[in-house]
């Protein structure tokens, strides 16, 4: 790995990821930082590019979004439509916990919606790291718990009214509606585009009236 890329990953790790590790684990071996950096890489994703596609578990990666926006989605054969399970943003971490822990096929595709910088580490490398540093395993448990919380929050969101869905999502993701195609946000919120547009207009009016 080139010196510039090594330093870039180290800087991001120390600013963004190490605080999470310390919060979850309390501490970690100094040598873990070096090992993590050496097994990671910087990836620049451009708009509309697929970062990952569904497939075998061993082909997966833990992905940290330093910048940019992407969608995680899969095809639901019963409903005959694509389901957007998540729209990622800066500082999000994406990992298919079931694929990583149990070797089940990865169902989701990940596509960039806006150009951004990512740091990725293959599942195979991550497993070797955790075998070398078993004291870091609680971090994986943390990611599993976070993903379950996201699923629960998403399903609760879909039980809300259209206006509530739009307000909650846009409050949690300021400015996103001006950065990506609103059709994708509508799909994520399980709304018709016209319904989303009407709720979005109400949302903007309420914000402008403050």
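The values are calculated or read from the model by the stated rules, or taken from the named source; none is laboratory data. Quick caveat: nothing in here was measured; it's all calculated off a predicted structure. Note that each Cβ is placed from the backbone with ideal geometry, even for glycine, and that neighbours are counted across all protein chains shown.
Can you tell me which residue is surrounded by the most Cβ atoms within 10 Å (Cβ to Cβ) among those in region 110-142 that are under 13 Å from the mean Cα position of the chain (by Cα) and over 20 Å from residue 56 (Cα atoms)? Filtering first and then ranking leaves 119. Does residue 21 fit the bill of being crowded, with 17+ Cβ neighbours inside 10 Å and part of a strand (DSSP E or B)? Here the answer is no, as residue 21 does not meet what is asked. In the set (1) assigned to a helix (DSSP H, G or I); (2) more than 26 Å from residue 132 (Cα to Cα), residue 90 fails one condition alone, (1). Checking residue 35 against (1) part of a helix (DSSP H, G or I); (2) at positive phi, which single condition isn't satisfied? Result: residue 35 passes all but (2). Here residue 165 passes the criteria (1) touching a strand residue (DSSP E or B) at 6+ places or on another chain (Cβ under 7 Å); (2) over 27 Å from residue 56 (Cα atoms) except the one numbered (1). Quick one: is residue 26 modelled with pLDDT of 90 or more, farther than 26 Å from residue 181 by Cα and loosely packed, with under 14 Cβ neighbours inside 10 Å? So residue 26 fails the test.
Could you look through region 55-80, keep only residues that are over 15 Å from the mean Cα position of the chain (by Cα) and touching a residue at least 12 places away in the same chain (Cβ under 8 Å), and pick out the one that is nearest to residue 109 (Cα to Cα)? The selected residue is 55. If the condition is being more than 30 Å from residue 179 (Cβ to Cβ), part of a loop (DSSP other than H, G, I, E, B) and at pLDDT below 95, then region 38-61 contributes only 39.
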